Amino acid sequence: MSEHPHIIVGGGIIGLSIGWELLRNGAERVEIYEAGEAVRSGATWVAAGMLAPRAEANFEEVGIYHAGVASLNAYPDFLAHLGEDADNVPRLDTCGSLMIATNVDDKRELDRQFEFRKRIGCPAERLDGSAAREREPLLGPRVTSALWLDGDAQINNRTLALALKQAFVKCGGILHEHTRVQSVIRNGESVTGIQVGDEVIPAASVIIATGADVQIGGIDPLPVRPVKGQMIGLRAEPFAMLKQPILATKAYLVPKDDTRLLIGTSAEEVGFDKRVTAGPILNILHRAWEMVPAIYELEIEEIITGFRPTPRDHKPIVGRGTANNLYYATGHYRHGILHAPLAARLISQLILSDRWDRSYDEFLPSRFFTKAVEVAA
Ligand code: GLY
C-alpha cells in the first residue's frame, strides 16, 4: 500500500463527501486541495438544497433521474453516519415538492412533464389550482394546475457541507484551502502526484472533484462549462413560510430552516461572469411573485451567483479516468447536493476495493476520452 495520500482536488460537497467516506471506510491518508475556501467558494454554498429527483427529472435524462432517487434513498444513512463525526447535522426534510403552472404555456408543459413521469415510472399526482392551494395555501390565484411529487425532499446544504468539512477533519483528513492545483503528474498508466506552485506532491491516487472550474493541467480536458445561476435569499417571515419547494419553468422558491426563502434561479451561458445583473433578478422575482404573491413584502437578505459544472450531455462524470489511479466525480450540473452520497459511495468503493456499480456506466469519464482504462466489473 502506498504511504502517499489520496488527493482530492476540490473542497465542495462532492470532494468533502468522498474524502470523509474514504476515511470512514479505512483509507489512512486523504488530503483535499481547494483553490478557494472549502464549502463557501463554489456551487455548494449557492445551491438551494433541493433533493428533488422527481421534480427535477428532465426529458430524456432517465439515468440521472434513477441516480438521483438512489442518492436520495442513501441520504438517511449518510446523515446518520455523519452524526457520528459532526456536531450539527441538518435534518432531511421529506416535504415533497410542487411543480406549478401559472399560464397556458406552463400548463401544456406540465402536461408533458406528467406524461414523461408516467413513462419512466416516477410517481406524480396531478392537481388543479384549488387542490394545489389546499396543499400550499400561499400559492396565488394565477396557479391553475400543479404536479405533486411525493418523496422529494430538501436539506440545508450549507449546514450539511459544514458538517462534512468538520467530519472530514475529525476523521484525520487534511484540508488545504486557497491552494490551487496546477496539474496532475502522470507516469505511464498511473498518476504519481500533483503540482502546486513549484512543489510536486506525491499521491496514491488523484480524485478530480472540482466544480465548473475543472480544467487542470496534465489530464484530458473535459467538456464541462459553467452555467451561471443567480439566486435571491429573502428573509422569510411567518406569514410567508412555504411548506415545500415550489418549482415552475424558469423559477423556484425553496424555504430553508435558517429563515431564508430562496428564490432561484437563472441559467446563463456567460462563462465565469460573477456579477449580479438586473434582468435575471427581475425575471426570477417576477415569476416567483406570480406563484407566491406574499413574497412582495419580504426583505432581500442576499443575492448570490454560482456556476453549475455542466457537461456536454448533462450527466455527472464519475469513475476512473485514463490512468489506473485517476478518478473523477464532477460535472454534477444541477444535482451536486443530491448526488453527493452516491458519488462518495461509487468513488470510495472504486478506490478501496476496485468495485464499480455497472448501473452507472453511463456516467463514466471514458465517454469523453479516446483512451480509457477498463473499470473492474
Ligand atoms: N438544482 C437547482 C439549480 O441548479 O438551480
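The values are calculated or read from the model by the stated rules, or taken from the named source; none is laboratory data. This one's a predicted model, so the numbers in the text were calculated from it and none came from an experiment. Positions of Cβ are backbone-derived with ideal geometry, glycine not excepted, and every protein chain shown enters the neighbour counts. Remember, those area values only see protein heavy atoms, side chains included, never the ligands or the DNA or RNA. Shrake-Rupley method; radii C 1.70, N 1.55, O 1.52, S 1.80 Å.
Before anything else, pin down the relative contact order of the chain: Cα pairs under 8 Å, at least 6 apart, normalised by residue count, whole percent.
Across the chain, relative contact order equals 23 percent.
In the chain, if the dipole is taken from +1 on Lys/Arg beta carbons and -1 on Asp/Glu beta carbons about the Cα centre, which of N25, Y75, I317 is farthest to the positive end?
I317
Please name which of T305, G218, V196 has its Cα lying farthest along the dipole of the range 185-310 towards the positive end, using unit charges on Cβ (Lys, Arg +1; Asp, Glu -1) and the Cα centre as origin.
T305
Beyond 20 Å, how much of the Cα-Cα pair distribution for the range 99-176 remains, as a whole percent?
Distances greater than 20 Å cover 52 percent of the Cα pairs.
What would the Debye equation give as log₁₀ I(q)/I(0) for the range 232-277 at q = 0.17 Å⁻¹, counting only Cα atoms as equal point scatterers?
-0.57
Calculated FRET efficiency, Y296 and Q195, Cβ-Cβ r, R0 41 Å, to nearest 0.05?
0.20
Pop a pseudo-label 7 angstrom from the Cα along the beta-carbon direction at both H286 and N88 and give the gap in nm to one decimal.
3.8 nm
Any chance you could get the radius of gyration and Dmax over the Cα atoms of the range 57-132, in Å?
16.4, 50
Tell me, what HN-Hα J-couplings in whole Hz come from the Karplus equation 6.51 cos²θ - 1.76 cosθ + 1.60 at θ = phi - 60° for each residue of the range 198-209, using x for Gly and Pro?
Going residue by residue, I get 8, 9, 9, 10, x, 9, 6, 7, 10, 10, 8, 10 Hz, with x marking Gly and Pro.
To the nearest 10 degrees, how steep is helix 104-119 against the longest Cα principal axis of the chain, on a 0 to 90 scale?
50 degrees
Relative to the compact-globule scaling 2.2 N^0.38 Å, provide the ratio for the alpha-carbon radius of gyration of the chain.
Working it through for the chain, the quotient is 0.99.
Which percent of the accessible heavy-atom area of the range 283-332 goes to carbon and sulfur, probe 1.4 angstrom?
Whole-percent figure for carbon plus sulfur exposure: 52.
Check which residues have an amide H placed less than 5 Å from G140's amide H, if you skip close sequence neighbours.
V292
Would you please give the residues with an amide H less than 5 Å from that of A153, counting only those at least 5 places away or on a separate chain, with H modeled from the backbone geometry?
L51, A52, G96
Ranked highest first by average number of other Cβ atoms within 10 Å, how do 345-357, 77-89, 47-59 line up?
Order by mean packing, descending: 47-59, 345-357, 77-89.
How big is D, in µm² s⁻¹, for the range 1-148 by Stokes-Einstein at 37 °C and 0.692 mPa s if Rh is the Kirkwood radius over C-alpha pairs?
My calculation gives 179 µm²/s for D.
Obtain the nm distance between the two label points defined at E177 and E37 by a simple spin-label model: each point lies 7 Å from its Cα along the Cα-to-C-beta direction.
Here the modelled spin labels are 0.6 nm apart.
Which of N103, Q166, V143 sits closest to the plus end of the dipole of the range 84-177, meaning its Cα is farthest towards the positive end, when Lys and Arg get +1 and Asp and Glu get -1 on the C-beta?
Selected residue: N103.
So if we plug the beta-carbon distance of D257 and N25 into 1/(1 + (r/R0)^6) with R0 = 30 Å, what FRET efficiency do we get, rounded to 0.05?
0.50
Let's test the formula: R0 of 30 Å, r as the Cβ-Cβ distance of E115 and S359. What FRET efficiency results, to the nearest 0.05?
E(calc), rounded to 0.05, equals 0.75.
Report the normalised scattering of the range 21-62 as log10 I(q)/I(0) at q = 0.13, 0.14, 0.18 Å⁻¹, calculated by the Debye formula with identical scatterers on the alpha carbons.
-0.57, -0.64, -0.83
For the range 1-150, report the accessible area per residue in Å² (1.4 Å probe, heavy atoms, rounded to an integer).
Each residue of the range 1-150 exposes 43 Å² on average to a 1.4 Å probe.
In percent, what relative contact order does the range 81-234 have, based on Cα pairs under 8 Å that are 6 or more apart in sequence?
That works out to 21 percent.
If I compute solvent accessible area with a 1.4 Å probe over the protein chains, what percent of it on the range 216-269 is carbon and sulfur?
58 percent
Please give the charge dipole size of the chain, origin at the Cα centre, charges +1 on K and R Cβ atoms and -1 on D and E Cβ atoms. Round to the nearest 20 debye.
Its charge dipole is roughly 580 debye.
Run through the DSSP bridge list for the chain and note the antiparallel percent, rounded to the nearest 5.
Bridges in the chain are about 75 percent antiparallel.
Across the range 166-172, in residue order, what do the Karplus-derived ³J(HN,Hα) couplings come to in whole Hz, using 6.51 cos²θ - 1.76 cosθ + 1.60 with θ = phi - 60° and x for Gly and Pro?
Running phi through 6.51 cos²θ - 1.76 cosθ + 1.60 with θ = phi - 60° gives 4, 5, 4, 5, 4, 7, x Hz.
What is the Cα radius of gyration of the range 226-377 over 2.2 N^0.38 Å, N being its residue count?
That ratio works out to 1.30.
In percent, how large is the relative contact order of the range 283-377, given Cα pairs closer than 8 Å and 6 or more residues apart?
27 percent
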